[in-house]
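Here the structure comes first, spelled out in structure tokens, and everything after it is commentary.
The values are calculated or read from the model by the stated rules, or taken from the named source; none is laboratory data. Values in this document were obtained by computation on a predicted structure and should not be read as measured data. Here the Cβ is made from the backbone with ideal geometry for all residues, glycine too, and neighbour counts use every protein chain on show. Protein only, heavy atoms only, side chains kept; ligands, DNA and RNA dropped before computing areas. Shrake-Rupley method; radii C 1.70, N 1.55, O 1.52, S 1.80 Å.
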Amino acid sequence: MLNMIIFGPPGAGKGTQSQKLIEKYGLVHISTGDLFRWHTRNNTPLGKKVNDIMASGALVPDEITIAMLEEEVQKTPNAAGFLFDGFPRTVAQAEALDAFMTRRSMTVNCVVALDVPEEELRQRIAKRKEIEKRADDEEEKLNKRIAEYFSKTVHVLPYYERQGKLYTVNGIGAIDEIFQAICAVVEKVT
Ligand code: AMP
């Protein structure tokens, strides 16, 4: 079983690389951002709860996010592995994921952090805005999302570094080159 986390700030290319990884390794893709967007689009009770938070670019509270993640993992007990995308984003989420995995006799094999400088991110997101309208990509919200990443989410990296599971991959370059670098990490840990 291969369980991996793809990590990086908004606009780092997590979505693009995730698609390629799930195809190659047959993983179940769990993107908490996609799940929350599905709930808000479908106006579910959870969607109503998180709508305003998401629209502001802030992080959804840990208990809500962790409960949703665990429910999603439990839907596919026979998965070949999971690719977590956009989760964990806080140390509390990382600890909860470890506890949950241990209860299920599973483990996180590696964390791939896409390294992209802030200036490059802003340019990429500006380009993405031209083709895909996402409410949370407006300037102010984008600043908030990037700020959330640098104030809260980066602290997750030392957590995995201490466990010897962190691999930093240069997120600048051709999509396939970046993908090859990620695959090299996967080959190393499996
Ligand atoms: P994303 O597409 O991963 O950038 O997620 C979009 C939005 O969903 C974020 O700005 C947060 O409001 C919320 N979100 C997604 N994943 C998480 C998470 N792990 N913890 C808290 N909030 C999250």
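Side notes on the structure shown:
- Dipole magnitude of the chain about its Cα centre (Cβ charges: Lys, Arg +1; Asp, Glu -1), debye to nearest 20: 300 debye
- Normalised convex hull volume, region 1-40, alpha-carbon set, Å³ per residue: 76 Å³
- 5 angstrom amide H check on residue 29, placed H, neighbours 5+ away: 83
- Percent carbon-and-sulfur accessible area, the chain, ignoring ligands, DNA and RNA, probe 1.4 Å: 51 percent
- When you filter the trypsin sites (Lys or Arg not before Pro) in region 70-113 for DSSP loop state and at most 15 other Cβ atoms inside 10 Å of their Cβ, you are left with 75, 104.
- Note that region 154-163 has calculated 3J(HN,Hα) couplings of 4, 5, 6, 4, x, 4, 7, 5, 4, 8 Hz, one per residue in order, obtained from phi through the Karplus relation 6.51 cos²θ - 1.76 cosθ + 1.60 (θ = phi - 60°); glycine and proline are x.
- The string of couplings for region 173-190 from the Karplus curve (6.51, -1.76, 1.60, θ = phi - 60°) is x, 5, 3, 6, 5, 5, 4, 4, 5, 5, 4, 4, 5, 4, 4, 5, 8, 10 Hz, one whole number per residue in order, with x for Gly and Pro.
- Beyond 31 Å in Cα-Cα separation lie the following of the pairs 75/165; 14/188; 75/129; 14/49: 75/129.
- Each of 46, 186, 5 was placed along the dipole of the chain (beta-carbon charges, centred on the mean Cα), and the one lying farthest toward the positive end is 46.
- Rg [Å, one decimal], Dmax [Å, integer] - region 38-190, C-alpha atoms: 16.7, 44
- Each Lys and Arg Cβ is given +1 and each Asp and Glu Cβ -1; about its Cα centre, region 3-108 then shows a dipole of about 280 debye.
- Computed over protein heavy atoms with a 1.4 Å probe, the accessible surface of region 2-189 works out to 50 Å² per residue.
- Stokes-Einstein diffusion of region 105-190 at 25 °C, 0.890 mPa s viscosity, Kirkwood radius from Cα pairs, rounded to a whole number: 165 µm²/s.
- Exposed loop sites were defined as GluC sites (Glu not before Pro) in DSSP loop states (anything but H, G, I, E or B) carrying at most 16 other C-beta atoms within 10 Å; in the chain the longest segment without such a site runs 1-131.
- Sequence-separation-based contact order of region 2-189, relative, with Cα cut under 8 Å and 6+ spacing, percent: 34 percent
- Cα centroid separation, region 55-87 to region 145-190 (Å): 18 Å
- Here's how it looks for residue 79: its modeled amide H is under 5 Å from none belonging to a residue 5 or more places away or on a different chain.
- Table column - 3J(HN,Hα) (Hz), region 44-54, Karplus curve with 6.51, -1.76, 1.60, x for Gly and Pro: 6, x, 5, x, 5, 5, 9, 3, 5, 4, 5
- With q set to 0.21, 0.23 Å⁻¹, the log10 of I(q)/I(0) for region 1-105, from the Debye formula over equal scatterers at the Cα positions, is -1.24, -1.42.
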